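Read the structure below first, then the notes.
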Amino acid sequence: MFYNFKGLKGLLLFMFFNDFQIVLQEVPGEISLCFTISGCPLRCEGCHSPFLWKEGNGQQLTQQIFKNMLYKYYGFATCVVFMGGEWHQKELVENLRCAKTKGYKTCLYTGLDRVDDEVLKHLTWIKTGQWITHRGGLDCKNTNQKFIEVKTNKILNHLFIKN
Ligand code: SF4
């Protein structure tokens, strides 16, 4: 599945986040600042978070708010994770670039199978694939989703599977 969001430009002006958490499991071995972005257009059947479908839910993720978070957790957190946001490519890329400049690793969780190279080149890891209920998530052997180290293109799903 590859969506082209270019046609939506102009409608989706600003990136809003519905939730911010410090997470340990989304990127194995990292303490991550996790921003969940509103306005997901993918509409996966069985979506666990349909409240994220509405654009503009939550708070605008301004550059100032984002930089403050990076500054506040510098030396404690090691990675920044975006749950979605590829539909705001320009802002997403700016934020990823900013996080990398401050020494953070970066990750995107997307429901797409691939994203634009302009986004990919700023990522350390990417989780791809829409939610399919009967296939499950990264902790399921039968999942359609992939957790990939971008530099090597290695699939690292085994890091999520418990014995
Ligand atoms: S990508 Fe995630 S948030 Fe978006 S519709 Fe699918 S399951 Fe829901």
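The values are calculated or read from the model by the stated rules, or taken from the named source; none is laboratory data. Note that this is a predicted model, so its numbers are computed, not measured. Don't worry about glycine lacking a Cβ; one is built from the backbone with ideal geometry, like all the others, and counts go over all protein chains shown.
Does Lys151 meet the test of being under 24 Å from Thr78 (Cα atoms), over 12 Å from the mean Cα position of the chain (by Cα), part of a loop (DSSP other than H, G, I, E, B) and away from the ligand (no atom under 15 Å from the Cβ)? Yes; evaluated as a whole, the condition is true for this residue. Of the candidates Leu24, Leu13, Leu61, Leu52, the single residue that is over 16 Å from Leu96 (Cβ atoms) and surrounded by 14 or more Cβ atoms within 10 Å (Cβ to Cβ) is Leu52.
For segment 105-123, the set of residues classified as under 18 Å from Pro41 (Cα atoms) and either part of a helix (DSSP H, G or I) or not small (Gly, Ala, Ser) (or both) consists of Leu108, Tyr109, Thr110, Leu112, Asp113, Arg114, Val115, Asp116, Val119, listed by residue number.
For the structure I just gave you, tell me whether Lys105 is modelled with pLDDT of 95 or more, within 16 Å of the ligand (Cβ to nearest atom), within 13 Å of the chain's Cα centre (by Cα) and of a type outside the set (Phe, Trp, Tyr). When the stated conditions are applied, Lys105 does not pass them.
Please tell me if Lys121 is of a type in the set (Lys, Arg) and more than 15 Å from Glu26 (Cα to Cα). Against the criterion (of a type in the set (Lys, Arg) and more than 15 Å from Glu26 (Cα to Cα)), Lys121 qualifies. In segment 108-125, which residues are within 13 Å of the ligand (Cβ to nearest atom) and not hydroxyl-bearing (Ser, Thr, Tyr)? Residues satisfying the conditions are Leu108, Gly111, Leu112, Asp113, Val115. Scanning segment 38-48 for residues that are near the ligand (Cβ under 9 Å from one of its atoms) and in contact with a helix residue (DSSP H, G or I) (Cβ under 7 Å, 6 or more places away or on another chain), we see that the one that is nearest to Thr110 (Cα to Cα) is Cys40. Could you please let me know if Pro28 is within 10 Å of the ligand (Cβ to nearest atom), part of a loop (DSSP other than H, G, I, E, B) and within 25 Å of Thr133 (Cα to Cα)? Considered against the rule, which asks whether it is within 10 Å of the ligand (Cβ to nearest atom), part of a loop (DSSP other than H, G, I, E, B) and within 25 Å of Thr133 (Cα to Cα), Pro28 comes out as no.
When Arg135 is tested against the conditions (1) surrounded by 14 or more Cβ atoms within 10 Å (Cβ to Cβ); (2) touching a residue at least 60 places away in the same chain (Cβ under 8 Å); (3) farther than 17 Å from Phe16 by Cβ, the lone failure is (2). Applying the set (1) closer than 19 Å to Glu45 by Cα; (2) surrounded by 13 or more Cβ atoms within 10 Å (Cβ to Cβ) to Ile126 leaves exactly one unmet item: (1).
Among what's in segment 52-88 and is in a helix (DSSP H, G or I) and within 16 Å of the ligand (Cβ to nearest atom), pick the residue that is farthest from Ile126 (Cα to Cα). Top of the filtered list is Leu52.
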